[in-house]
Amino acid sequence: MSENKISENAVAQNITGASIMLEEVTKTYPGQKKSAVGGLTLEIPAGSIVMFVGPSGCGKTTTLKMINRLIEPTSGKIVIDGEDVTDMNGDELRRRIGYVIQAGGLFPHMTVAANIAMVPKMLGWPKDKISARVDELLELVSLDPDLYRNRFPKKLSGGQQQRVGVARALAADPPVLLMDEPFGAVDPITRQRLQDELLNIQSEVQKTIVCVTHDFDEAVKLGDWIAIFNEGAQLEQYDSPERILANPASEFVENFIGSGAGLKQLTLTRVNEVELEDALTTTPGKNASDVLSQLQGAGRKYAVVLDSRGRPLRRLDRRQLSRAQIIEGTYDENMPVVGEQATLNDALDTMLVASSESALVTGRRDVLTGVITVQTVMEAIAAANNAEDADHEAPVGLNSGAINVVDIDGAAAGQGGESA
Amino acid sequence: MRSETRSLIWQIAGIAAAFAILVGWLVTADLTETERQTLDPATIWGYTLDHLKITVIAAVIVLLIAIPLGVLLTRPGLRKAAPAVRAIANFGQAAPAIGVIVLLAFWLGFGPKTAIISLVIYAILPVLSNTIVGLQQVDARLVEAGRGIGMSQMAVLFKVELPLAVPVMLSGIRTALVLLVGTATLATFINGGGLGILITTGVNLNLNVVLIAGSLLVALLALTVDWLGRVVEQVARPRGLS
């Protein structure tokens, strides 16, 4: 309990992320005529989530890995928070940038705590500070430290491994987080939960997050900005999800978005943007018949059982309540729950899967915030279809046309010339 | 894990039982004076120590050469050389040990030193090749994850790659040790000492009891070394892998 409070208080409300600027960045592999990334200039605003999408082999992952210089750019400049990091020591740079890969990339021979402690250890933090930080991060990613600290990755589910991966990346509180298809290896339900959680975490930590995905829906859901790449990391469009859906810049983008762009409005509105109903809550150990009469008095269908931290454990309907003596504290895995950052699409999915006309909504650290119903979703769709696009300036993103150049020397020269 | 422990217990129990039967048989057997002299416990103990000494020295040299070489051959720059080096090591193992030992003796002179050199040539392959395979089978994504969070190449090698390669490397080392114990028997042909002397004496003087006792002792010694190796494999396997 106390750990929870400390970390909650420690969270600053302002942006801790740093801006990233790629200037004329090119990557040409030896022996290949075409550049993998051709003269890309891209501005990534501080504290925002930027999604890189595009077909496989389009250079989006190469671009991501050039930000932390896992792949060294052939030419161009990388500027983080105003500092040119193109020539600094790569290992030191990477210790300042969080990195998450598919399935977490946890070291199987190290415990969860040891995995998370890797970067703080390299930075020479004192032991007690590291172990406090490990617990704080496990709380942040909704894993009970006492339960998971000393487990080995093999004993975790895919979703839990991914969470630990995120915790490891955040360990030294880096201003920038790079994610390479982070949720590609988990099932759809877990993926949706992890996405919700990432958004919840982001609302606490406010990092600059760059995330590669091949799933456009994921990009719409997570991204403040989406960069759509074509072969050679040619930027087709770089804008907000709303504007990309409303005005695709090219046929390529249109095809990439796919059909049903209208229904994609469902992925644009989030659960916390619609009005939620309050839930009738109770705690384990209460007298069931008391709760039942409260329920009937309020004219509700369900009572929600919460644990000591306000997290929902299960829903009980009138029939279940009339059968029970006291309220049980067991966790019901099939209860429909969505994060408040989930899209209406997710919420609808969750309700359909659970065959329920409502779902519980949870916020930071899985605390119950309300209930969403099918009706709410329907009303929101109607409202969204009538709403105007928000007015905002898109960040800078362009290529300097190195893609058409055939040989490497020419590419470098052409790029230098056109940049001015 | 438990079945592994049980099989370890069976193996050492079997070795002890076989040794007890051998001793019992030698004590009760009707031995000639020559046989009795050759099989004097103090002498045999001396041969065993010699034998182990050759084996251990050769093993240490093998480890010192093969593991760093295996590491080098899995680094980006030298990866291409790996098949060639493995072919050479393969040749060292494929060539008949007795031939190598005798030829080297003509070149480098008779004695334990030459015996050790030829044993090293003979036993390098399993350690080298298991080091390479062990390092190659480490998930490339883990190496990338390590680099991605700011570990240096050296840190990734020592904290991620080598620990994860340990199980495969240890099984190669165990194979090499067993090979060495068996092959060290041949050292006696070039005055290298060891338990092989019992076998050659047995053959030359037509003393079957000595011949059988010598062969059995070598076999039991090899099995004991194998057992020790398997114990180490169990103990040294990084936690979290099984």
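The values are calculated or read from the model by the stated rules, or taken from the named source; none is laboratory data. This is a predicted model, so every value here is computed, not measured. Cβ atoms come from the backbone with ideal geometry, glycine included; neighbour counts cover every protein chain shown. SASA here: full protein model, heavy atoms, side chains in, ligands and nucleic acids out. Shrake-Rupley method; radii C 1.70, N 1.55, O 1.52, S 1.80 Å.
Annotations
One line per residue, one yes/no per condition, for (1) open to solvent by 60 Å² or more (accessible area, probe 1.4 Å); (2) within 29 Å of A:Leu222 (Cα to Cα); (3) part of a helix (DSSP H, G or I):
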| position | (1), (2), (3) |
| --- | --- |
| A:Val253 | no, yes, yes |
| A:Phe256 | no, yes, yes |
| A:Glu275 | yes, yes, no |
| A:Asp290 | yes, no, yes |
| A:Gln294 | yes, no, yes |
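- Qualifying residue in the stretch A:31-43 (condition: farther than 21 Å from A:Trp225 by Cβ and of a type in the set (Asp, Glu)): no
- B:Gln37 vs. criteria part of a helix (DSSP H, G or I) and more than 26 Å from the chain's Cα centre (by Cα): yes
- Qualifying positions in the stretch B:105-117 - at negative phi and either outside any helix (DSSP H, G or I) or free of Cβ contacts under 8 Å to residues at least 40 places away in the same chain (or both): B:Phe106, B:Trp107, B:Leu108, B:Phe110, B:Lys113, B:Ile117
- For the stretch A:76-92, the set of residues classified as touching a strand residue (DSSP E or B) at 6+ places or on another chain (Cβ under 8 Å) and either crowded, with 21+ Cβ neighbours inside 10 Å or among the aliphatic types (A, V, I, L, M) (or both) consists of A:Gly76, A:Ile78, A:Val79, A:Ile80, A:Val85, listed by residue number.
- Residue, nearest to A:Thr267 (Cα to Cα), within the stretch A:299-356, restricted to residues that are out of contact with any helix residue (DSSP H, G or I) (no Cβ under 9 Å at 6 or more places or on another chain), buried (at least 18 other Cβ atoms within 10 Å of the Cβ) and touching a residue at least 60 places away in the same chain (Cβ under 8 Å): A:Val304
Every residue, every condition in (1) over 30 Å from A:Asn115 (Cα atoms); (2) at pLDDT 85 or above; (3) surrounded by 18 or more Cβ atoms within 10 Å (Cβ to Cβ); (4) touching a Gly at 6+ places or on another chain (Cβ under 6 Å), yes or no:
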| position | (1), (2), (3), (4) |
| --- | --- |
| B:Asn90 | yes, no, no, no |
| B:Ile101 | yes, no, yes, no |
| B:Ala105 | yes, no, yes, no |
| B:Leu135 | no, yes, yes, no |
| B:Leu180 | yes, yes, yes, no |
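- Some residue of the stretch A:46-61 being within 14 Å of chain B (Cβ to nearest Cβ) and crowded, with 19+ Cβ neighbours inside 10 Å: yes
- Count of the stretch B:107-122 residues, restricted to those that are open to solvent by 40 Å² or more (accessible area, probe 1.4 Å) and among the hydroxyl-bearing types (Ser, Thr, Tyr), is 1.
- Of residues in the stretch B:40-88 being more than 22 Å from the chain's Cα centre (by Cα) and among the hydroxyl-bearing types (Ser, Thr, Tyr), the one surrounded by the fewest Cβ atoms within 10 Å (Cβ to Cβ): B:Thr43
- A:Gln202 vs. criteria on the phi < 0 side of the Ramachandran plot, in a helix (DSSP H, G or I) and either of a type in the set (A, V, I, L, M) or surrounded by fewer than 24 Cβ atoms within 10 Å (Cβ to Cβ) (or both): yes
- Just one of the numbered conditions (1) within 14 Å of chain B (Cβ to nearest Cβ); (2) touching a helix residue (DSSP H, G or I) at 6+ places or on another chain (Cβ under 8 Å); (3) of a type in the set (Val, Ile, Thr) is not true of A:Thr111: (2).
- Cβ-Cβ contacts under 9 Å between residues 6 or more apart (or on different chains), taken from a first residue in the stretch B:133-160 that is within 7 Å of another protein chain (Cβ to nearest Cβ) and part of a loop (DSSP other than H, G, I, E, B) to a second residue that is open to solvent by 60 Å² or more (accessible area, probe 1.4 Å) and among the aliphatic types (A, V, I, L, M), are listed as B:Gly150/A:Leu123.
- Every pair of residues 6+ apart whose Cβ atoms lie under 9 Å, when the first sits in the stretch B:1-19 and is in a helix (DSSP H, G or I) while the second is among the basic types (Lys, Arg) and surrounded by 10 or more Cβ atoms within 10 Å (Cβ to Cβ): B:Glu4/B:Arg230; B:Ser7/B:Arg230; B:Leu8/B:Arg230; B:Gln11/B:Arg230
- Number of residues in the stretch A:93-105 that are open to solvent by 30 Å² or more (accessible area, probe 1.4 Å) and either touching a strand residue (DSSP E or B) at 6+ places or on another chain (Cβ under 8 Å) or of a type in the set (S, T, N, Q) (or both): the value is 2.
- The lone exception for A:Asn115 - which of (1) in contact with a Lys or Arg (Cβ under 6 Å, 6 or more places away or on another chain); (2) in contact (Cβ under 8 Å) with a residue 24 or more places away in the chain; (3) more than 19 Å from B:Val143 (Cβ to Cβ) it fails: (3)
- First in the stretch B:228-242 and within 14 Å of chain A (Cβ to nearest Cβ), second anywhere and open to solvent by 50 Å² or more (accessible area, probe 1.4 Å) and modelled with pLDDT of 85 or more, Cβ under 7 Å, 6 or more apart: B:Gly240/A:Lys154
- Only one of the listed residues (A:Thr282, A:Thr213, A:Thr208, A:Thr269) is in contact with a Phe, Trp or Tyr (Cβ under 9 Å, 6 or more places away or on another chain), touching a residue at least 40 places away in the same chain (Cβ under 8 Å) and polar (S, T, N, Q). That residue is A:Thr213.
- In the set B:Pro76, B:Pro68, only one residue is without any contact (Cβ under 8 Å) to a residue 60 or more places away in the chain, within 14 Å of chain A (Cβ to nearest Cβ) and of a type outside the set (A, V, I, L, M); that residue is B:Pro76.
- Selection within the stretch A:74-98 - within 14 Å of another protein chain (Cβ to nearest Cβ), over 25 Å from A:Pro30 (Cα atoms) and in a loop (DSSP other than H, G, I, E, B): A:Arg96
- Taking the listed residues A:Pro145, A:Pro108, A:Pro120, A:Pro126, the one that is modelled with pLDDT of 90 or more, open to solvent by less than 10 Å² (accessible area, probe 1.4 Å) and either over 28 Å from A:Pro45 (Cα atoms) or of a type in the set (Gly, Ala, Ser) (or both) is A:Pro145, with no other qualifying.
Residues checked against (1) over 21 Å from B:Val160 (Cα atoms); (2) assigned to a loop (DSSP other than H, G, I, E, B); (3) more than 14 Å from chain B (Cβ to nearest Cβ); (4) β-branched (Val, Ile, Thr):
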{"position": "A:Gly124", "(1), (2), (3), (4)": "no, yes, no, no"}
{"position": "A:Asp128", "(1), (2), (3), (4)": "yes, no, yes, no"}
{"position": "A:Arg133", "(1), (2), (3), (4)": "yes, no, yes, no"}
{"position": "A:Leu147", "(1), (2), (3), (4)": "yes, no, yes, no"}
{"position": "A:Arg151", "(1), (2), (3), (4)": "no, yes, no, no"}
{"position": "A:Gln161", "(1), (2), (3), (4)": "no, no, no, no"}
{"position": "A:Gly184", "(1), (2), (3), (4)": "yes, yes, no, no"}
{"position": "A:Arg191", "(1), (2), (3), (4)": "yes, no, yes, no"}
